[in-house]
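These notes concern the structure reproduced below.
The values are calculated or read from the model by the stated rules, or taken from the named source; none is laboratory data. Quantities reported herein were computed from a predicted structural model and do not represent experimental measurements. Cβ placement follows ideal geometry from the backbone for every residue including glycine, while neighbour counts extend to all protein chains displayed.
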Amino acid sequence: MLSVVDTAWTGKYMLTCPSKRFLYLDCPGCGLQRSAWALFHGEFATSWSLYPPTIFILATLAFLVLHLSIGFSRGAYILKILFIITVGVMAVNYIYKILNHQLI
């Protein structure tokens with residue numbers, strides 16, 4: 001099994017963030033690919049440490065798919081709440097990176 005920190009593999013197959021490539025700064029979504037890769041391989045702690053909003057993003061997308069296929073009565077309201085929580089977690093994560101000088 002490949003390790004998430006295997007930079008040779010990630011450099012070869014994962015997309016490069018345009019913000020990081022041209023501005024040399026992380027965007028609010030930097031780390032999502034590696035975090036999702038770790039999560040899909042059962043490395044929950046690694047996934048959380050790489051990018052905490054991944055779990056919230058995937059939960060929101062999973063509920064969206066369920067709502068579109070089943071049609072929950074309060075599904076749109078729940079999706080709005082999930083979206084607000086996800087964006088909030090993304091903002092807190094980015095602010096944390098800024099305050100701890102982890103953007104580069």
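Looking at this structure, is L2 modelled with pLDDT under 95 and part of a loop (DSSP other than H, G, I, E, B)? Yes, satisfied. Out of S73, S35, one residue alone is loosely packed, with under 15 Cβ neighbours inside 10 Å, among the hydroxyl-bearing types (S, T, Y) and without any contact (Cβ under 8 Å) to a residue 60 or more places away in the chain. It is S73. Only residues that are part of a helix (DSSP H, G or I) and either of a type in the set (F, W, Y) or modelled with pLDDT under 85 (or both) were counted across segment 5-60, and they come to 18. I84 falls short on exactly one of the conditions (1) under 20 Å from G29 (Cβ atoms); (2) surrounded by 12 or more Cβ atoms within 10 Å (Cβ to Cβ), and that condition is (2).
Counting the residues of segment 39-70 that are within 20 Å of A91 (Cβ to Cβ) and surrounded by fewer than 11 Cβ atoms within 10 Å (Cβ to Cβ) gives 0.
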